[in-house]
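**Q** Sending over a structure as structure tokens; questions will come in a sec.
The values are calculated or read from the model by the stated rules, or taken from the named source; none is laboratory data. None of the values given here were measured: they were computed from a predicted structure. Glycine also receives a Cβ, built like all others from the backbone with ideal geometry; neighbour counts cover every protein chain displayed. We work out accessible area using only protein heavy atoms, side chains counted, and drop any ligands, DNA or RNA first. Shrake-Rupley method; radii C 1.70, N 1.55, O 1.52, S 1.80 Å.
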Protein chains: 2
Amino acid sequence: MTPVLIAGEWVSANAKRGFRAHDPKTSEPIGDEFPVSDWSDCDAALSAAVGAAEALEACSGDQIASFLDAYAGGLAGNAEAICRQAEEETALPYQPRLADVEMPRTVNQLRLAAEAARVGAWRAPVVDAAANIRSCYGPLGPVFVLGPNNFPLAFNAVSGGDFAAAIATGNPVIAKAHPAHPATTRLLAQAAQAAAAEAGLPAASVQLLYGVENEHGLRMAADPRLAAVAFTGSRPAGLALKAAADAVGKPIYLEMSSVNPVFFLPGAVAERRDALIEELAGSCLMAAGQFCTCPNLFVLHAGDDAEAVLQGVQDRFQQRPAGALFAEAVVRGLASSIASLKAAGAEVACGGAEAGDAGFRFQNTLLKTTGDAFLANPAALQTEAFGPVSLAVVVRDGEQAVQVARHIEGSLTGSIYSSTQGDDDALALRLQQTLRRRVGRLINDKMPTGVAVSPAMNHGGPFPATGNPGFTAVGIPASLRRFAKLDCYDNVRPARLPACLAD
Amino acid sequence: MTPVLIAGEWVSANAKRGFRAHDPKTSEPIGDEFPVSDWSDCDAALSAAVGAAEALEACSGDQIASFLDAYAGGLAGNAEAICRQAEEETALPYQPRLADVEMPRTVNQLRLAAEAARVGAWRAPVVDAAANIRSCYGPLGPVFVLGPNNFPLAFNAVSGGDFAAAIATGNPVIAKAHPAHPATTRLLAQAAQAAAAEAGLPAASVQLLYGVENEHGLRMAADPRLAAVAFTGSRPAGLALKAAADAVGKPIYLEMSSVNPVFFLPGAVAERRDALIEELAGSCLMAAGQFCTCPNLFVLHAGDDAEAVLQGVQDRFQQRPAGALFAEAVVRGLASSIASLKAAGAEVACGGAEAGDAGFRFQNTLLKTTGDAFLANPAALQTEAFGPVSLAVVVRDGEQAVQVARHIEGSLTGSIYSSTQGDDDALALRLQQTLRRRVGRLINDKMPTGVAVSPAMNHGGPFPATGNPGFTAVGIPASLRRFAKLDCYDNVRPARLPACLAD
């Protein structure tokens, strides 16, 4: 079985069982067998991480930046092989997605994190010379990062945004690969290990397990040697980890499911109906809907325009082939979610079942309901459905649109499309005021998919989209703050102060 | 029964029972009867707070600042009456404590919060004009603030640091008075209400309940209308609220118990033994030990010097009178804690029982144990003991001191006293590296009591001292960040942007 990376060495895993990736296009198992580690591997990684955390404190920001830059360079230099491997395991296209967008984004994030480590602004030093009290942010300690299925590079536990933010703030990472793309993760980790050695980082700064039993994942989250957890994935898994971490007061940063509502106001639809249909269908079906910012719910005002939009979206959903999904679990999850949505009163306009073709596929699915029905059962009608599924809520009027907005649960994004001529402005403002409390990123006249790596980005939002609406998972340097603690030095002798707090 | 402040009006409480304060010096009930509100009062306050949160969004930082300044002025103008009332309810001395220190600190905090609201730096605007993405921090929504017994003014739920930080960031506060000083809290709330009316703040920006049943407090913490909770007090109460808030993903900021270890290194003791004895005894017994930063544990290196320090501290503990404690519950809590500490192996050097005098009093209590015994049972030997109690841990050598430091649980502070001649430097550095991960404020050659209101202050630390080591409860503007969420605006039309994000 494939070795795991513990304390700087690729070692045989202690594992009672293994797993293999699958080709999403055929659903056939592919590649090597990877281990589901026993607790002894987790335990060894945790102990090694404690030592690495202490050793990393002696490393300068420049040294950490050298590692991140070397890692970025290593990925760029091996981009083709990594992207080909990712394509095989995820069925995401080599081009235009993996090689043209996701790999450059991943390399860019690592370089931005390097720059943040070098400049050190995240430490935010404050010196009160009169009182001789000083403070700055400092590293938190070992971070357990669990990556999702849908970004094999840019959110991978061993190369993505959480990894980069945790390392840039001087914390060792124990990465848990997503089981849908273990061979891709191995290639990334090999590059990380080489870069760590080149930069002289402590050996256990980057560790990798391919799989752990659920109970051991929860035990790791609660282990006193661990300082924090970062998780991107489904709500049930996120909530289980959160409960384990919360019980022992450990910080956990989650990015879970999000319904990402899109409100189409009447003036916008009257003005540019066909363009909106195209934008919406494109956003819903991109990567087979497997984005955290996929618009899983949209709101139309009842009338002929609404019917035309529904018909246009339905046509496109039916015309376009069912994309390959990352795993059998995604197909099963969709079947279960759609059963729940139907039980809650959603009607199936098209799709609603597994696609008959080879591989992991589900029909592009358009659901619809009325504003009245939504308001009678808002929680069940926001059931997580990760994939090519969207629910149209047809409201009676603007007042009912605002009521729907009031019942949207915490979400990463919320979009408002309004007339360019000002016809919808009063309603748009009311919706904005209501949505502002419910979403992390408020959007105008644009779909939520496409999360720019910008210092102004917030890829976060109120629970249950995340665990705390004050933090973002994307955007450097803001995302670094999650992995820092506030260190105050009161009357501490000058020779014992960190460099950033010297007079 | 005394009316409560809901939606801007003093109204009759819905309460099945009431309570009265007690004079700590006599243990006799004093003053008016105050209500323990039923759920209907909580419900009314929550609903009013939702409306206030929306209305506060339309208020400028200047307007909020006007309120905070007017409130500060109102307190300063009525300082004598408020401090006399607080003295009666808490037995803290009018002078030098309440009138000379705590009231000026409270007024100062409100003015600093006003300045922070006016300047608005807490919003930290980021504008990415090229991508047309912008973000800033914005208000979170209604905050439930529960104040402690030990600072009737500066940490009062309706006038203290959490209140000031929540309001300065545009959030309405529902304050829950501490039952040990309800009449003081009433005077403060009257001044707050007058200032809110003067500044034209929404009526429900400041609301006050004197008491709620425990089950209703937990229900409030979980209520979807509430955005966050801020609690200062005992660990059991804090953990119960935390569990309720965590279960629904609601941010909660806690400041709970803390052992605040003080390490006396051999060179420091050899050099200035008598001064250290005086400092330690003073810090332990100030306000009868009822500070969150009271040094409840100190470490000495075995030998004649340690014996002399122990004797000196014991002499002072025995000479000084047992101070009045805030409530019967504090006396009971100490008896229970000391029983636990004794069961865990601590020996009583002096004190250990209720004082025979009138009022709520407990003997000044010095406990001692060895490093070996501590390391055999570190959790039980850090049992919370809120009052005039400290445990001496006599270690064999520096190596054992470091081991003790490794077993200190998350604490607000950690102090290291070392020789001024450099004799202890190597050990001091090792202890610092170990303590840095366990305490929010690292201190040299100074006792932890006395928390300066400085922008560089961290009154926070790792769990269980607080719920997240990235935040501070004292220090403006840093403490404001707890009550803000990150609001991103992506492609939002210029007229709909908040002022701080305009081009």
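**Q** Would you mind giving the mean number of other chain beta-carbons within 10 Å of the Cβ of each residue in A:461-473, as a whole number?
**A** 5
**Q** Follow-up. What is the list of residues in the stretch B:158-183 whose amide nitrogen lies under 14 Å from a point 7 angstrom out from the Cα of B:Ala55, following Cα to Cβ?
**A** B:171-173, by backbone N distance to the label point.
**Q** Oh, and also: How big is D, in µm² s⁻¹, for chain A by Stokes-Einstein at 10 °C and 1.306 mPa s if Rh is the Kirkwood radius over C-alpha pairs?
**A** Answer from the Stokes-Einstein relation: 67 µm²/s.
**Q** To one decimal in nm, how far is A:Asp38 from the same spot in the other copies, if labels go 7 Å from Cα toward Cβ? Please give the shortest first.
**A** 6.0
**Q** For helix A:182-199, report the angle its Cα long axis makes with the longest principal axis of the Cα atoms of chain A; keep it between 0 and 90° and round to the nearest 10°.
**A** 40
**Q** What whole number of Å gives the distance from the Cα centroid of the stretch A:206-284 to the Cα centroid of the stretch B:231-286?
**A** 35
**Q** Cut-off 15 Å, label point 7 angstrom out along Cα-to-Cβ of A:Ala247: give me the residues of the stretch B:369-409 whose amide nitrogen falls inside.
**A** Zone members listed by number: none at all.
**Q** So what does B:His22 come to for accessible area, using a 1.4 Å probe and Å² rounded to 10?
**A** 70
**Q** Ok, one more. In the protein assembly as shown, what percentage of the DSSP-assigned beta bridges are antiparallel, given to the nearest 5?
**A** Looking only at bridges with both residues in the protein assembly as shown, the antiparallel portion is about 40 percent.
**Q** Moving to a separate point now. Output the 0 to 90 degree angle, nearest 10, between the alpha-carbon long axis of helix B:235-247 and the longest principal axis computed from the alpha carbons of chain B.
**A** Approximately 40 degrees, to the nearest ten.
**Q** Give the calculated FRET efficiency between B:Asp315 and B:Ile30 to the nearest 0.05, with a Förster radius of 25 Å applied to their Cβ-Cβ distance.
**A** The calculated FRET efficiency here is 0.10.
**Q** Ok, one more. Over all directions, how big on average is the projection of the convex hull of the alpha-carbon atoms in the stretch B:261-444, in square nanometres?
**A** Seen from a random direction, the Cα hull of the stretch B:261-444 projects 9.2 nm² on average.
**Q** Within 10 Å of each Cβ of B:127-134, how many other protein chain Cβ atoms are there on average?
**A** Mean shielding by partner chains, rounded to a whole number: 4.
**Q** Same structure, new question: Ordering A:Trp10, A:Trp122 by how much accessible area each has at a 1.4 Å probe, largest first, what is the list?
**A** A:Trp10, A:Trp122
**Q** Now for a different question. Could you tell me which of rounded, prolate or oblate describes the stretch B:437-480, using a ≥ b ≥ c as the square roots of the eigenvalues of the alpha-carbon gyration tensor, with rounded for a/c under 1.5 and, failing that, prolate when a/b is larger than b/c and oblate otherwise?
**A** It comes out oblate by the Cα gyration axes.
**Q** Can you show me the helix-derived [θ] at 222 nm for chain A, built from DSSP H runs with n ≥ 4 at -39,500 (n - 2.57) apiece and divided by the number of residues, rounded to the nearest 500.
**A** Helix-only estimate at 222 nm: -12500 deg cm²/dmol.
**Q** Per 20 Å bin, what percent of the C-alpha pairs of the protein assembly as shown does each bin hold, from zero upward?
**A** Final binned percentages: 13, 43, 34, 10, 0.
**Q** Something else about it: Starting from the Cα of A:Ala124, step 7 Å along the direction of its Cβ; do the same at B:Trp10; then give the gap between the two resulting points in nm.
**A** Distance between label points: 4.0 nm.
**Q** Counting only Cβ atoms, what residue of chain A lies nearest to the axis that sends chain A onto chain B, and how many whole Å off?
**A** That would be A:Asp246, 2.
**Q** Moving on. Which net charge results when you count Lys and Arg as +1 and Asp and Glu as -1 among the other residues whose beta-carbon is under 11 Å from that of A:Ala13?
**A** My count for the surroundings of A:Ala13 gives -1.
**Q** So for the stretch B:412-503, what percent of the C-alpha to C-alpha distances run longer than 23 Å?
**A** In whole percent, the long-distance tail amounts to 46.
**Q** To continue, here is another question. Excluding same-chain residues fewer than 8 positions from B:Lys250, which aspartates and glutamates have a Cα within less than 12 Å of its Cα?
**A** Within the straight-line cut-off, B:Lys250 pairs with A:Asp246, B:Asp223.
**Q** How much accessible area is lost when chains B and A come together, counting both sides, with a 1.4 Å probe, in Å² rounded to the nearest 100?
**A** Separately minus together, B and A give about 5200 Å² buried.
**Q** Please work out the Cα center distance from the stretch A:69-100 to the stretch A:324-371, rounded to the nearest Å.
**A** Between the Cα centres of the stretch A:69-100 and the stretch A:324-371 lies a distance of 30 Å.
**Q** While we're here: Can you give the convex hull volume of the alpha carbon atoms of the stretch B:85-192 per residue, in Å³?
**A** That works out to 93 Å³ per residue.
**Q** Can you give the accessible area per residue of the protein assembly as shown, in Å², using a 1.4 Å probe?
**A** Dividing the accessible area of the protein assembly as shown by its residue count gives 33 Å².
**Q** Ok, one more. Working with all protein chains in place, sort A:Asp487, B:Asp69 by solvent-accessible area computed with a 1.4 Å probe, largest first.
**A** Largest to smallest exposure gives the sequence B:Asp69, A:Asp487.
**Q** With the Cα gyration tensor of the stretch B:1-130 giving a ≥ b ≥ c as the square roots of its eigenvalues, does the rule (a/c under 1.5 for rounded; else a/b larger than b/c for prolate; else oblate) give rounded, prolate or oblate?
**A** Because a/c hits 1.5 or more and a/b fails to exceed b/c, the stretch B:1-130 counts as oblate.
**Q** Could I ask something else about it? Angle, helix A:266-285 long axis vs. longest principal axis of chain A, Cα atoms, 0 to 90°, nearest 10?
**A** Around 50 degrees separate the two axes.
**Q** Turning to a different aspect of this structure: Subtract the Cα-Cα distance of A:Glu215 and A:Ala379 from 0.36 nm times their separation in residues, and report this length gain in nm to one decimal.
**A** Contour length minus Cα-Cα distance gives 56.2 nm.
**Q** Here's a follow-up. Averaged over B:50-63, how many beta carbons belonging to a partner chain fall within 10 Å of each residue's beta carbon?
**A** 1
**Q** Also, quick follow-up: Name the residue from A:Gly450, A:Ile476, A:Pro462 whose Cα lies farthest towards the positive end of the charge dipole of the stretch A:442-494, charges +1 on Cβ of Lys and Arg and -1 on Cβ of Asp and Glu.
**A** Farthest along the dipole direction, towards plus: A:Ile476.
**Q** Taking R0 as 30 Å, what FRET efficiency do you get between A:Lys342 and A:Glu278 from their Cβ-Cβ distance, rounded to the nearest 0.05?
**A** With R0 = 30 Å, the Cβ-Cβ based efficiency is 0.65.
**Q** Additional query: Going by accessible area, probe 1.4 Å, with all protein chains left in place, what is the ranking of A:Glu384, A:Glu255, A:Glu33, largest first?
**A** A:Glu33, A:Glu384, A:Glu255
**Q** Write down the percent of antiparallel bridges among all DSSP beta bridges whose residues are both part of chain B, to the nearest 5.
**A** Expressed as a percentage, antiparallel bridges in chain B total about 40.
**Q** Using a 1.4 Å probe on the protein heavy atoms, what percent of the accessible area of chain B belongs to carbon and sulfur?
**A** Taking all protein chains in place, chain B shows 52 percent carbon and sulfur surface.
**Q** Okay, next question. If you scale each eigenvalue of the Cα gyration tensor by 5 and take the root, what three semi-axes come out for the stretch A:337-412, rounded to whole angstrom and sorted largest first?
**A** Equivalent ellipsoid of the stretch A:337-412: 25, 12, 10 Å, largest first.
**Q** Please say if the stretch A:356-484 is rounded, prolate or oblate, where rounded means a/c under 1.5 for a ≥ b ≥ c the square roots of the C-alpha gyration tensor eigenvalues, and otherwise the choice is prolate for a/b larger than b/c and oblate otherwise?
**A** Judged from the Cα gyration tensor, the stretch A:356-484 comes out oblate (a/c at least 1.5, b/c at or above a/b).
**Q** Starting from the Cα of A:Arg17, step 7 Å toward the Cβ, then list every residue of the stretch A:217-241 with an amide N under 19 Å from that point.
**A** Within reach of a label on A:Arg17: A:217-220, A:237.
**Q** Could I ask something else about it? If each of B:Ala240 and B:Met1 carries a label point 7 Å out from its Cα toward its Cβ, how far apart are those two points in nm?
**A** 1.8
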